[in-house]
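Asks: I am attaching a structure below and will ask some questions about it afterwards.
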Amino acid sequence: MVPYTSFASDLASTATTPNYAWVTPNLCDDMHDCLISTGDTWLSQNVPTILNSPAFTTQNSLVLITWDEDDGTQNNQVPMLVIAKSVPAGFRSSTLYNHYSMLSTIESAWGLSPLTTNDGTATPLSDFFSSTQSAPVFTADTPPTSATVGTPYSYTFQASGNPAPTFAVASGTLPPGLGLASGTGVLSGTPTTAGSFTFTVSASNGVGSPALTPPITIVVSAPTVPGAPTGVTAVATRKASATVSWVAPSSNGGCAITSYTAMSSPGGNTATVSGSTTTAKVTGLTVGTTYTFTVTATNCAGTGPASAPSNAITARK
C-alpha cells in the first residue's frame with residue numbers, strides 16, 4: 001500500500017505500472033460524505049491520467065470503477081463502469097452481477113483459483129469482452145440531391161457496425177438550414193440559401209477506420225411562384241354573390257401556398273382566403289350581370305398565373 005501521490009509516477013511507463021492497482025479515494029471524493037458532484041470532479045481529474053498512460057494505451061488493460069453501496073435500500077444496486085479497448089463503447093450488460101463478479105473476472109483472466117465459494121460461483125463479466133465488434137459500413141448514403149429554399153428536407157444516413165456508429169460531416173459544407181444528428185444520422189432542416197453544396201459524411205464507432213460517403217452534392221433552388229389553380233367553378237348565390245371553388249395547383253413552387261385570390265370578370269371584385277382553403281365567396285356583384293372568375297395562388301416567392309376562367313354565372317338578388 002502506497003500513497004496515492006505515487007500513482008502518477010507509477011503510471012509513467014509500462015515498466016513501473018503494477019499489474020494490479022486498487023485505488024480508493026477518500027470518504028469525500030468517493031461520494032460517501034460529500035456531494036456526488038465532488039466525486040464526479042475527482043473522477044474527471046484522475047481517470048484521464050489512467051486512460052492516457054502507456055499501460056492503458058499500449059497494453060491490454062482494464063479499468064473498473066464501482067461503488068460499494070447505494071442508498072441503503074434492500075436491492076443495493078450500484079453501477080460499475082468497465083473500460084477497456086476491447087469493450088464496445090456504450091455496451092450495457094443485462095446480466096445481474098455483484099462485487100464477487102469483479103473478483104471472479106480477475107481470477108479468470110489470470111488463471112487464479114477462487115478464494116471462496118462466493119467468487120467461485122460468481123458470474124464473471126464475460127459479456128463485456130465477448131461482443132463481436134465490427135467497423136462501420138454505410139448501408140444508406142444517397143440523399144436527395146435537390147432541395148428548395150423554404151421547403152423541409154430530411155434524409156437518414158444508415159451504417160452497420162458494432163458498437164453503433166455515430167455520424168459527422170467529414171468535409172465540405174451542408175446547405176445552410178440543414179443539420180446532421182450525430183446519433184441517428186438524420187440530415188434535416190429547412191434550406192435557407194440557394195446554391196450548390198458538396199460534403200461527405202463519416203460513420204465511426206472506434207473500431208477500424210471511419211466509413212466515408214462519396215462526395216454528396218445538394219443543389220438548393222430558390223422557390224418560384226406557384227402554378228395556376230385548375231378546375232375553377234362558380235355558383236351564383238343570394239345577395240349578388242358567388243361561391244368559387246378550385247383545385248390546388250400541381251406545383252406550389254417550392255414553398256407552401258399562403259393564400260388564394262378569386263377575381264370576377266367584369267368588375268374585378270376579389271376574395272382572398274388562406275392557402276389551406278379551396279373555396280371563396282365573392283361579393284358585391286351587380287344583379288343581372290354575367291360573370292366568370294379566375295383564381296391565383298400566392299407563396300413566399302409571389303403570386304402565380306391566373307387560372308382558366310370558370311363557368312359563367314349571372315348575379316342574382
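Asks: Being under 29 Å from ARG316 (Cβ atoms) and exposed (fewer than 15 other Cβ atoms within 10 Å of the Cβ) is the filter here; which residues of the stretch 245-264 pass it?
Replies: VAL247
Asks: Collect the residues in the stretch 79-98 that are surrounded by 10 or more Cβ atoms within 10 Å (Cβ to Cβ), at pLDDT 85 or above and either under 20 Å from GLY206 (Cβ atoms) or out of contact with any helix residue (DSSP H, G or I) (no Cβ under 8 Å at 6 or more places or on another chain) (or both), keeping them in residue-number order.
Replies: Passing the criteria: LEU81, VAL82, ILE83, ALA84, TYR97, ASN98.
Asks: Give me a count of the residues in the stretch 265-303 that are crowded, with 20+ Cβ neighbours inside 10 Å, in contact with a strand residue (DSSP E or B) (Cβ under 6 Å, 6 or more places away or on another chain) and within 20 Å of SER251 (Cβ to Cβ).
Replies: 4
Asks: Continuing with the same structure: Is it fair to say ALA315 is in contact with a Phe, Trp or Tyr (Cβ under 9 Å, 6 or more places away or on another chain), in contact (Cβ under 8 Å) with a residue 24 or more places away in the chain, buried (at least 18 other Cβ atoms within 10 Å of the Cβ) and over 24 Å from TYR153 (Cβ atoms)?
Replies: yes
Asks: Only one of (1) under 30 Å from SER310 (Cα atoms); (2) outside the structural domain of THR292 (by TED's automatic domain parsing); (3) not β-branched (Val, Ile, Thr) is not met by ALA234, so which one is it?
Replies: (2)
Asks: Can you tell me which residues in the stretch 217-241 are surrounded by 20 or more Cβ atoms within 10 Å (Cβ to Cβ) and farther than 21 Å from SER276 by Cβ?
Replies: Of everything in the stretch 217-241, those that are surrounded by 20 or more Cβ atoms within 10 Å (Cβ to Cβ) and farther than 21 Å from SER276 by Cβ turn out to be ILE218, VAL220.
Asks: Tell me the strands (runs of 3 or more DSSP E) entirely within the stretch 156-226 that contain at least 3 residues that are touching a residue at least 24 places away in the same chain (Cβ under 8 Å), in contact with a strand residue (DSSP E or B) (Cβ under 6 Å, 6 or more places away or on another chain) and farther than 30 Å from ILE257 by Cβ.
Replies: The strands (runs of 3 or more DSSP E) meeting that bar are 158-162, 166-172, 195-204.
The values are calculated or read from the model by the stated rules, or taken from the named source; none is laboratory data. Because the structure is a prediction, the values reported are computed rather than measured. Note: ideal-geometry Cβ built from the backbone for every residue, glycine included; neighbour counts use all protein chains shown.
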